[in-house]
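Enquirer: The following block contains the structure, expressed as structure tokens.
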Amino acid sequence: MSPIDVPVLAGPAPGPLIERADGQAAIRAYHELRRRVFVEQEGLFDRTDLDEADDDPRTVVLVARDPADGAVVGGVRLGPVPFPAARGIGGGTDIGWWRGGRLAVSRATRGAPGAGPALIRAACAYAESAGVLRFEAAVRARHAPAFARLGWRRVRPARPDEAPSGREPHVLMRHPIGRIAALVAAAKKPLGPLLAGFAPGGPGFVGDDGAPVPGTDVVAACDAILPSMVERDPEWAGWCSVLVNLNDLAAMGAEPVGLLDALGARDARAAARVLDGLGRAAAAYGVPVLGGHTQLGVPAALSVTALGRTARPVPGGGGRPGHRVRLTADLGGGWRPGYTGRQWDSTTVRRTPELRAMLGAVAAARPHAAKDVSMAGVAGTLGMMAEAAGCGAVLDVAAVPRPAGAAMGDWLTCFPGFAMLTAAPAGAGPLPAGPATGAECGELVPGRGVSLRWPDGELTEVITDGVTGLGRA
């Protein structure tokens, strides 16, 4: 059992110890506490409050222990909201929508250093760490103010199928999860003010993945790799410097013709490791390295420019309200070691024909708009596409193609290797992207920002405004 560090535990008096109940003894103690509280003391249930969620192996139980003797003095459970298979996504699918419930605290500890608030905060922290993007609880109306003081928001009166007992009115409360908004704010929000007056990409392509060179059929793309990544994982940094640039050209519908690199390294050995990864990626994609610059005796730095050709670049901002959004992603591979939840590596296991098929997919399909999923993640990149089109977007969470080993919160905020968002009128065909998987999973809508749409029809807003501040392309 591993204690969960919660800020509320700090203070002059020892608070309860919050931990996950991994053993049957702790779970039995929690169930017995629930029976005393909900059946004997409060009469919310006749004989037992146990239900199917207690038998679901995905259900997580957190308990509060008395620091003096280790006795279980409180507990709460949380886990994925179950869906009937008839809803089209399978009864066992976890799409990042969880509920908490059955919060029980021993009567003897009520008023003592708060086991209840500590359990609520711990449940929120656990849910966020598990990649949850929607976390709710149906709570008794008289307890709603206590949840509100902890930052929860009232949604509406709870429906009968949501309320654990019909003997008291319940309200649905939601814990705000700002993971997507925080990523966007850190990665993209400063761009508008920084680039004011530059109009990067040119008219119709402002903020795009690549920049058409005026008067030619050349498209140029340039990306830098995080210096910490170049230092810590040089071969992977070299590989990614090729990957991200070629994906940018692919989003524009451009055929890659060559690469230029600029590398800084502390010594020749460090530089060689970066160039090894860069060279292997260039060979795998079948794109030559045309030249570049190398500087030794300096801090780690790497940027690559890719050049491609197309007579008709596909803009990122070519979508319009009503257009359907499609995500096409390579779900093979797995999390890059050391980057779990942040970087998905599908490309290093692919053969050249597979990689080239993915690179050529946008050029073959000619959607109205395309964006390579960047470090802003799927949701953030969708926000960039919508911003460039002067509208908003809705993402259908349950329809997003996703690897089995990735939590929804991780998948929508990670760098996914190869993933392309496209927009086109309803009925447009899929991208011919080789091993990648594609599905329609949203639409562009009037307004601004991005909302997630859930299988029950609820919308949760995750981006409230433009992502970059660059405005309409």
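Enquirer: Mind checking which residues of region 257-285 are touching a strand residue (DSSP E or B) at 6+ places or on another chain (Cβ under 9 Å) and free of Cβ contacts under 8 Å to residues at least 40 places away in the same chain?
Expert: Passing the criteria: 263, 264, 265, 266, 267, 268, 270, 271, 272, 273, 275.
Enquirer: Taking residue 287, is it surrounded by 17 or more Cβ atoms within 10 Å (Cβ to Cβ) and either within 18 Å of residue 272 (Cα to Cα) or touching a helix residue (DSSP H, G or I) at 6+ places or on another chain (Cβ under 9 Å) (or both)?
Expert: yes
Enquirer: Could you count how many residues in region 319-333 are in a loop (DSSP other than H, G, I, E, B) and either within 12 Å of residue 251 (Cα to Cα) or basic (Lys, Arg) (or both)?
Expert: Total satisfying the criteria: 1.
Enquirer: Now a separate question. For residue 183, state whether it is in contact with a helix residue (DSSP H, G or I) (Cβ under 7 Å, 6 or more places away or on another chain) and assigned by TED's automatic domain parsing to the domain that holds residue 330.
Expert: Judged against the criteria, residue 183 is a match.
Enquirer: In region 351-367, is there at least one residue being polar (S, T, N, Q) and within 23 Å of residue 224 (Cα to Cα)?
Expert: no
Enquirer: Take region 422-444 and flag every residue that is over 25 Å from residue 203 (Cβ atoms) and of a type in the set (A, V, I, L, M).
Expert: 426, 428, 431, 433, 436, 439
Enquirer: Shifting gears a bit: In region 441-455, which residues are farther than 13 Å from residue 382 by Cβ and modelled with pLDDT of 95 or more?
Expert: Listed by number, the residues that qualify are 446, 447, 454.
Enquirer: Identify the residue in region 368-398 that is over 21 Å from the mean Cα position of the chain (by Cα) and surrounded by fewer than 24 Cβ atoms within 10 Å (Cβ to Cβ) and, among all such residues, is farthest from residue 456 (Cα to Cα).
Expert: 368
Enquirer: Return the pair list, or none, for Cβ contacts closer than 7 Å from residues in region 185-211 that are over 29 Å from residue 359 (Cβ atoms) and in contact (Cβ under 8 Å) with a residue 40 or more places away in the chain to residues that are of a type in the set (D, E, K, R) and not in a helix (DSSP H, G or I), at least 6 apart or on different chains.
Expert: none
Enquirer: Condition check: at pLDDT 95 or above, closer than 22 Å to residue 321 by Cβ and assigned to a strand (DSSP E or B). Does residue 383 satisfy that?
Expert: Judged against the criteria, residue 383 is not a match.
Enquirer: Go over the candidates 421, 470, 452 one by one and state the one that is over 19 Å from the mean Cα position of the chain (by Cα) and surrounded by 17 or more Cβ atoms within 10 Å (Cβ to Cβ).
Expert: The match here is 470.
Enquirer: I need a count of the residues in region 37-60 that are in contact (Cβ under 8 Å) with a residue 24 or more places away in the chain and more than 19 Å from residue 162 (Cα to Cα).
Expert: 2
Enquirer: Would you pick out the residues in region 336-356 that are surrounded by fewer than 18 Cβ atoms within 10 Å (Cβ to Cβ) and of a type in the set (A, V, I, L, M)?
Expert: Of everything in region 336-356, just one residue is surrounded by fewer than 18 Cβ atoms within 10 Å (Cβ to Cβ) and of a type in the set (A, V, I, L, M), namely 349.
Enquirer: Then there's this: So, restricting to strands (runs of 3 or more DSSP E) that lie completely within region 145-232, which ones have at least 2 residues that are buried (at least 18 other Cβ atoms within 10 Å of the Cβ)?
Expert: Output list reads 170-175, 218-225.
Enquirer: What's the total number of residues in region 290-308 that are in a strand (DSSP E or B), touching a Ser or Thr at 6+ places or on another chain (Cβ under 9 Å) and farther than 22 Å from residue 354 by Cβ?
Expert: Going through region 290-308 one residue at a time, the tally reaches 3.
Enquirer: Looking only at region 245-256, decide whether some residue is touching a residue at least 24 places away in the same chain (Cβ under 8 Å), buried (at least 20 other Cβ atoms within 10 Å of the Cβ) and polar (S, T, N, Q).
Expert: yes
Enquirer: Also, I was wondering about something else. Only one of these is closer than 18 Å to residue 429 by Cα, modelled with pLDDT of 95 or more and assigned to a loop (DSSP other than H, G, I, E, B): 314, 287. Name it.
Expert: 314
Enquirer: Hey, does region 311-320 have a residue that's within 28 Å of residue 181 (Cβ to Cβ), touching a Leu at 6+ places or on another chain (Cβ under 8 Å) and surrounded by 24 or more Cβ atoms within 10 Å (Cβ to Cβ)?
Expert: yes
Enquirer: Quick test for you: out of 400, 394, 378, pick the one residue that is over 12 Å from residue 323 (Cβ atoms), of a type in the set (Val, Ile, Thr) and in contact with a Ser or Thr (Cβ under 9 Å, 6 or more places away or on another chain).
Expert: From the options 400, 394, 378, the qualifying one is 378.
The values are calculated or read from the model by the stated rules, or taken from the named source; none is laboratory data. Model, not experiment: these values are computed from the prediction. Positions of Cβ are generated from backbone atoms using ideal geometry, with glycine treated the same way; all protein chains shown enter the neighbour counts.
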